[in-house]
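Please read the structure below before turning to the comments.
Bear in mind that the values in this text are calculations on the coordinates, not laboratory data. Here the structure is a predicted model, which means the values were calculated and not measured. Note that each Cβ is placed from the backbone with ideal geometry, even for glycine, and that neighbours are counted across all protein chains shown.
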Amino acid sequence: MILGTYDFKVSGFCDIGDLFIDPVSHKEFREFAKKQLETVSFDYFVGLEARGFVLAGMLAADLEKGMIMCRKPNKLPGAIVGTNYKSEYEEGQFFIQPEKIKDKDLVLVDDIAATWGSLLSTVRLCLAAGAKVMAIVVYGEVKAFLGNKNYLELQQLGIPIIYGEVLN
């Protein structure tokens with residue numbers, strides 16, 4: 001599937017909404033991700049706000065797993081831990097409830113990886129909270145950022161990275 005790109009926030013912004021509109025592409029991604037995860041043992045999916053919630057939620061339902069939300073500021077009750085991240089178009093923070101992930105094996109899910117900054121920050125957050133990250137699933141990776149330092153650091157951590165497409 002070719003996603004629409006726009007000059008929105010940054011030049012070449014990919015709109016994952018096209019995946020959700022097209023039921024064939026949506027199903028193909030789900031089937032691809034489920035097949036890739038067949039040999040991965042884990043407890044929960046962690047969806048990164050906000051589009052990662054949609055993808056993690058559908059995979060969690062398909063595979064009968066739970067899903068935990070990694071949220072932006074002021075959206076989670078109770079004890080939380082957080083981290084800063086930098087993406088291709090913003091800097092921000094993610095938070096998670098550590099008691100839900102401590103000693104758990106996780107699969108992180110997001111829509112599109114460009115700089116890999118938000119995913120790397122979330123991996124570090126989960127590890128610091130006492131969890132293990134067993135895999136990362138994204139719909140696509142932006143070609144212009146292939147092999148950047150964040151991606152290389154994720155590879156050095158030995159975490160399998162599952163993505164459906166390399167996007168222009």
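Quick look at the numbers
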quantity: Reach of residue 27 by Cα under 17 Å, taken over lysines that are not fewer than 8 positions away in the same chain; calculated: 35
quantity: Net +/- balance of residues flanking residue 107 in space, Cβ distance below 10 Å, scoring K and R +1, D and E -1; calculated: -1
quantity: Proximal aspartates and glutamates relative to residue 104, as straight alpha-carbon distance under 17 Å, when same-chain residues fewer than 8 apart are discounted; calculated: 43, 64
quantity: Shape of the range 4-167, Cα gyration tensor, a/c cut at 1.5; calculated: rounded
quantity: Cα shape, the range 106-168, gyration tensor, a/c 1.5 rule; calculated: prolate
quantity: Sparse-neighbour loop sites [GluC sites (Glu not before Pro); the range 37-99; at most 11 other C-beta within 10 Å; DSSP]; calculated: 38, 64, 90
quantity: Residue 62/residue 86 FRET efficiency (R0 30 Å; Cβ-Cβ; nearest 0.05); calculated: 0.40
quantity: DSSP-defined antiparallel bridges as percent of all bridges, the range 4-167, nearest 5; calculated: 30
quantity: Cα centre as origin, Lys/Arg/Asp/Glu Cβ charges: the chain dipole, Debye; calculated: 480
quantity: Built amide H within the under 5 Å cut-off of residue 85, gap 5+; calculated: 92, 93, 94
